[in-house]
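Below: one structure, written as structure tokens.
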Amino acid sequence: MSRFLSSRFSAMIPYNTSGDKSPSDDLIRLNTNENPFEPSPKAIEYAHTASLGLNFYGDPECELLTRKLAEFLNVQSNEIIFGNGSDEILNFIFTGFCENGAIFPDITYSFYAILAEFHGISFKTIPLDENFRIEPSDYFAPNARTIIFANPNAPTGLFLESSEIERIISHNPESLIIIDEAYADFSGKTCVELIHKYENLAVIRTFSKSRSLAGARLGFCVANENLIQDLRTIKNSIAPYNINSMTQAAGIGAIEDEDYTRENVRTILQTREFVREELVKLGFEVLDSNTNFLFTKHARISGQKIYEELLRRKILIRHFSKPARISDFNRITIGTREQMQLMLENLREIIGGAC
Ligand code: PMP
């Protein structure tokens, strides 16, 4: 640490990106829930064309992209704002909308706690139930704290019905409710339409997963126009040109090529079910998944050991050492059929060797 870092950051533990190796290494990366398929040809073509105009700043309002997405989602343009990945939208939320504190599940996307710490926001975590599910009534304590969770949740992959989310919203009229739908295209369900019913709901989504644009960094928030206006104020105060012009163009291409996304999602879901069956045969417990990953633990071999043995064989999955009740689980991203077959062969070897 240098002498110059502000003291309030001296103990900060940042998001763990240590597993994110360069794409050029020879690892099979099943650790960050990326899409194994390339971006749509249209997204690539539009980004290439946009690259010829990189001498100019990109449109700070993302007007064309916003219009396209609004049409696609059946909302108004003033109900959408884009972020440099949905992580940036989350940062805007923690920057500007958590004065009364935040509440989120004990097991969910780890970035929420990091952002809360970063912004000095007090937060409370609510344990998932014994089946790793969110119990809506645990959130019925109206206190104006911002409530946030991923749906489907990560790393569990479990899904909460919109009617259950509505119960949480209606019991917390003073709270802003943030639903992080990073994986919603894999569940096929969204609560975006509820933004017209509840002015205290914001839904965050991303182009990183189903649309194969993790490297482009494009996420967005859909909410009531006043919330979006406030988010725009925050955005324009810290990152006015947050979405570069190639990314804006790629986003438009991806929306225009929805069939491509649907086809890839279908393939990933089929592969996921194949992998689930094979894992069960190998003695794994596998949680239901509504996403492009599986959360799983073996009956006899520790999560840490499976993670290390696969890594030795150049296959990277995600292990969580904390909290204790998930320390035997691993989260495995669904890659191509060939990648998954290779992973399963290696698992057979690891499990056979450990018997
Ligand atoms: N929310 C959840 C639940 C995630 O798993 C991720 C991906 N790590 C994100 C948000 C952030 O995605 P991005 O910033 O790539 O849009």
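Listed values, structure above:
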quantity: Selected residue (only one of 234, 228 is away from the ligand (no atom under 16 Å from the Cβ), modelled with pLDDT of 95 or more and in contact with a strand residue (DSSP E or B) (Cβ under 8 Å, 6 or more places away or on another chain)); calculated: 228
quantity: Qualifying positions in segment 186-220 - crowded, with 23+ Cβ neighbours inside 10 Å and of a type in the set (D, E, K, R); calculated: 205, 209, 211
quantity: Subset of segment 177-210 that is of a type in the set (Val, Ile, Thr) and without any contact (Cβ under 8 Å) to a residue 60 or more places away in the chain - its residue that is farthest from residue 46 (Cα to Cα); calculated: 177
quantity: Of residues in segment 97-126 being in a helix (DSSP H, G or I) and of a type in the set (Phe, Trp, Tyr), the one nearest to the ligand (Cβ to nearest atom); calculated: 111
quantity: Residue check for residue 132: within 13 Å of the ligand (Cβ to nearest atom) and either surrounded by fewer than 24 Cβ atoms within 10 Å (Cβ to Cβ) or of a type in the set (A, V, I, L, M, F, W, C) (or both); calculated: no
quantity: Tally, over segment 187-200, of residues that are closer than 26 Å to residue 214 by Cβ, outside any loop (DSSP other than H, G, I, E, B) and touching a strand residue (DSSP E or B) at 6+ places or on another chain (Cβ under 9 Å); calculated: 2
quantity: Of the criteria (1) surrounded by 14 or more Cβ atoms within 10 Å (Cβ to Cβ); (2) in contact (Cβ under 8 Å) with a residue 12 or more places away in the chain; (3) in contact with a helix residue (DSSP H, G or I) (Cβ under 9 Å, 6 or more places away or on another chain); (4) not β-branched (Val, Ile, Thr), which one residue 56 fails; calculated: (1)
quantity: Residues within segment 46-73 that are in contact with a Phe, Trp or Tyr (Cβ under 8 Å, 6 or more places away or on another chain) and not in a loop (DSSP other than H, G, I, E, B), tallied; calculated: 3
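Okay, residues lined up against (1) touching a residue at least 40 places away in the same chain (Cβ under 8 Å); (2) away from the ligand (no atom under 15 Å from the Cβ):
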{"site": "52", "(1), (2)": "no, yes"}
{"site": "64", "(1), (2)": "yes, yes"}
{"site": "67", "(1), (2)": "no, yes"}
{"site": "70", "(1), (2)": "no, yes"}
{"site": "75", "(1), (2)": "yes, yes"}
{"site": "79", "(1), (2)": "yes, yes"}
{"site": "91", "(1), (2)": "no, no"}
{"site": "95", "(1), (2)": "yes, yes"}
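Yes/no matrix, rows are residues, columns are (1) hydrophobic (A, V, I, L, M, F, W, C); (2) within 16 Å of the ligand (Cβ to nearest atom); (3) within 22 Å of residue 45 (Cα to Cα):
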{"residue": "212", "(1), (2), (3)": "no, yes, yes"}
{"residue": "244", "(1), (2), (3)": "no, yes, yes"}
{"residue": "260", "(1), (2), (3)": "no, no, yes"}
{"residue": "269", "(1), (2), (3)": "yes, no, no"}
{"residue": "275", "(1), (2), (3)": "yes, no, no"}
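The values are calculated or read from the model by the stated rules, or taken from the named source; none is laboratory data. The model shown is predicted, which means the values in this text are computed figures rather than measured ones. So basically every Cβ, Gly included, is an ideal-geometry build from the backbone, and we count neighbours across all protein chains shown.
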